[in-house]
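This report refers to the structure that appears directly beneath it.
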Amino acid sequence: MKTISLKITLLLSIILLSCGSKQLSKDEAKSIINQCQKKSGKEIFKTNKYTYGIIDIPDSSNANFSNFLDKHKKMEELGFVSINDTKKDNRQFGKSKNGIVEITLTPQGEEYLVGRVENFFGKLSAQFKSCEYKIKEVIEIQEITDRNEAKVKVDFERYNETPFFEESNEKGKPKNLIKTITFRKTTDGWKLCD
């Protein structure tokens, strides 16, 4: 009877091991997240929307345009954009009686560009990297065995704040970002991005 019980225990152990029953450790979870970032070539970062290109100048009493231009002048001082003097608007459709200003990116500003969209009038909306995040620590792991998943709570820390960070919404947020990530359990072990 003892031999049968031992064989059953051994058989169950083999079955559990072959199904990837190994618990997910904090170090392993951190390593898997870092590997996924390297494999995809994508860092964890936040962006800031920034408008440039050909911009209509509204009525000179418009305070919003003054604030808009002040922000661009600050970026020009830092060497990220170039602001050309007011030009006469030669467009047939959508003419501005007050003229236009042309804001272009410098090569230094292009380094932070993540994506852009141009509208019909040449006005560009761009997304610039404002900061990056790296894993500070894995806080906790909750395995859900009946679904072959693990919910991993991770503390990401902000670093590498770019010049566009000052104008971003991210500035008012805490330096640390807590996210819950779902891992999958497979016969080859724990997976996140494969």
> If Lys and Arg each add +1 and Asp and Glu each add -1, what is the summed charge of the other residues whose beta carbon sits under 10 Å from the beta carbon of ASN160?
Replying inline: 0
> Could you sort ARG158, ARG116, ARG184 by accessible area so the largest value comes first, with the probe set to 1.4 Å?
Replying inline: ARG116, ARG184, ARG158
> If you stretched the chain out fully between GLN108 and GLN23, how much longer would it get, using 0.36 nm times the residue separation minus the C-alpha to C-alpha distance?
Replying inline: 26.0 nm
> Classify segment 124-194: rounded, prolate or oblate, from the alpha-carbon gyration tensor (a ≥ b ≥ c, eigenvalue square roots; a/c under 1.5 rounded; otherwise prolate if a/b is larger than b/c)?
Replying inline: prolate
> Any idea how far apart THR51 and ASN84 come out in nm if each label point goes 7 Å out from Cα toward Cβ?
Replying inline: 1.9 nm
> Between LYS71 and LYS171, what length in nm is gained on full extension when 0.36 nm per residue of separation is reduced by their alpha carbon distance?
Replying inline: 34.5 nm
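The values are calculated or read from the model by the stated rules, or taken from the named source; none is laboratory data. In this text the structure is predicted, and so the values were computed from the model without any measurement. Backbone-built Cβ (ideal geometry, glycine too); neighbour counts: all protein chains shown. Ligands, DNA and RNA are stripped out before the accessible areas are found, and what is left, the full protein with its side chains, is counted by its heavy atoms. Shrake-Rupley method; radii C 1.70, N 1.55, O 1.52, S 1.80 Å.
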